[in-house]
Amino acid sequence: MSHPITGNRRSILIYSLVWLMVAATLGVLYLYVFDFPLQVVLSDALLSSFLFGFTGLLAWYPTRYIPFQRQSPFYSILAHVVAGLVIMGSWVLLSYAMLNAIFSGQADYVEFLNRTVVWRSMLGGLIYLVLVLIYYLVSNNQKLQERSQQEERLKGMVREAELNMLKSQINPHFLFNSLNSIASLTMSNPEEAREMIIRLSDFLRYSLKHRENEYIPLSEELGRMKDYLAIEKVRFGEKLLYEFKISGECDKFPVPTMIFQPLFENAIRHSVYESVDPVTIKFSCVPEEGYMKAVISNDYDPAIPTRKGTGVGLQNVRQRIALAYKEKGAVQWSGKEGVFTVTILFPRIFM
């Protein structure tokens, strides 16, 4: 922790101006109350004030290295009393010796100097106390700022760890379902199984390439999702249809990697698997005030019971959005009149 005054130029300037004002006040007092010559006034006021200003800087170190203990304050108070006596004694002796040497020929001033040693010491002690209190306030403020920064760093680390955990839940889940699809094709249609393995290999290679990037442009993420849908289309053929409608403003908007994959997977799992008719999965993105609104919808037959899932997909996406955008994003879903819809609101400014 650096010295709060000598650590930056602005504080040095303010501190110097304060002691200049103190010197001016003493100078006026000496000039008009004690009627000393101008040379004596300037010498005493400036020398005393700036010597104390310098020694006052030293009061930071007892404050910095002797923290006040509320449970046992005696040690802290005693240490400050000793430090104060050393600093004040040094200031009084040094200023007295210098002023006495400069004006040794002026008996009236030397007598005045001898008479005022006590009240100079008392005034110096009061100023020392004020400085110590200011230093404690500054020190506590700096500690609070450091603690706040540490908490932010820890929150960031926890947030990153949670995001990584959520991401790690997606890839095995997706791979498990893809391998099941391939397994079902190996006996019935080996050529399609082979094509699906090639597409899956390309998709996973692309995913591994970008796994370290937390955010990528929406157009790139959707390109990856189209690869995923192409993999699934190998199995389902014309039974699986998909449409993408994207505003030009959405193309370059950054989104978390693999954020849409669980939603497309859910749409296939809970509608395409069970349906005998073609199912269309639609994706759209439009800008709204303060947000980018992405919507994924798919047809489903409410009369047909859907496959029971693990509940990872939607909750995973909701948690990732909450962590990535610090509770400013939103994930909503609903099923009405044979259409299941998931809406994601990406805040435009989230960092």
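The values are calculated or read from the model by the stated rules, or taken from the named source; none is laboratory data. Note that the structure is a prediction, hence the values are computed from the model and not measured. Every residue, glycine as well, gets a Cβ built from its backbone with ideal geometry; the counts of neighbours run over all protein chains shown.
Across the range 1-37, the number of residues qualifying as within 19 Å of Gly124 (Cβ to Cβ) and either of a type in the set (Lys, Arg) or part of a helix (DSSP H, G or I) (or both) comes to 14. Take Leu222 and decide whether it is within 24 Å of Arg199 (Cα to Cα) and touching a Phe, Trp or Tyr at 6+ places or on another chain (Cβ under 8 Å). Yes, satisfied.
One residue stands out in the range 190-227 among those that are under 27 Å from Met292 (Cβ atoms), assigned to a helix (DSSP H, G or I) and at pLDDT 85 or above: the one that is nearest to the chain's Cα centre (by Cα), namely Leu218. Only residues that are under 36 Å from the mean Cα position of the chain (by Cα) and assigned to a helix (DSSP H, G or I) were counted in the range 38-59, giving 3. Restricting attention to the range 273-298, the residues being under 27 Å from Ser181 (Cβ atoms) and either touching a Cys at 6+ places or on another chain (Cβ under 8 Å) or basic (Lys, Arg) (or both) number 3. If you check Arg9 against the conditions, is it loosely packed, with under 13 Cβ neighbours inside 10 Å, closer than 20 Å to Val138 by Cα and of a type in the set (D, E, K, R)? When the stated conditions are applied, Arg9 passes them. Of the residues that sit in the range 248-277 and are small (Gly, Ala, Ser) and without any contact (Cβ under 8 Å) to a residue 40 or more places away in the chain, which one is surrounded by the most Cβ atoms within 10 Å (Cβ to Cβ)? Restricting to residues being small (Gly, Ala, Ser) and without any contact (Cβ under 8 Å) to a residue 40 or more places away in the chain, the top hit is Ser275.
Annotation: of all residues in the range 61-110 being exposed (fewer than 15 other Cβ atoms within 10 Å of the Cβ) and among the β-branched types (Val, Ile, Thr), the one that is modelled with the lowest pLDDT is Ile77.
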